[in-house]
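The structure appears right after this line, and notes come after that.
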């Protein structure tokens, strides 16, 4: 992982859950899990992290499709990760709606070493977001950006910039928004 200040961190990868509770229309996970998710036992996740740290990992990417699908499961994992390896950082993927719904947990993520939150924003046009069934609006995205900035977590938003419903004006709006 390149931190932007000229330093890099060797990165490992784990998943604390499999699948996703959501059924966004464009997502490739939906046909496999159909709105279901399963937890990976805490000790299994932590053992995987330990092994990767022993091999040199300094940063862990949690590859869960939505890290806050099960906050009661994942928060104890990041607490344990931070207790055992206080210098190891991590990143997560969280839906915009969950960033807003579970905003009280964001300082804990920051304080336990979270550097980056990826979120599949997909679009800033409410009509397209509705077609994708994303569960958030343009204004929700703007609120989430401000929230993460206030908390001190970096946001890595992803977009489906080109889709059948985008217009030239819509694309310009996307570029101006980001």
Ratio for the chain, C-alpha Rg to 2.2 N^0.38 Å, reads 1.06
Report, in deg cm²/dmol and to the nearest 500, the calculated mean residue ellipticity at 222 nm for the chain, where each DSSP H run with n ≥ 4 adds -39500 (n - 2.57) and the sum is divided by the residue count.
-12000 deg cm²/dmol
Tilt relative to the chain, helix 168-177 - C-alpha long axis, 0 to 90 degrees, to 10:
40
List the relative contact order of the chain as a percent without decimals, with contacts defined as Cα pairs under 8 Å and 6+ residues apart.
18
Which of 1, 55 comes first, and how do the rest follow, when ranked by fewest Cβ neighbours within 10 Å?
55, 1
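FYI, it's all coordinate maths here, none of it is from the lab. Nothing here was measured: the structure is a model prediction, and the numbers come from that model. Heads up, the Cβs are rebuilt from the backbone with ideal geometry, glycines too, and the neighbour counts pull from every protein chain shown.
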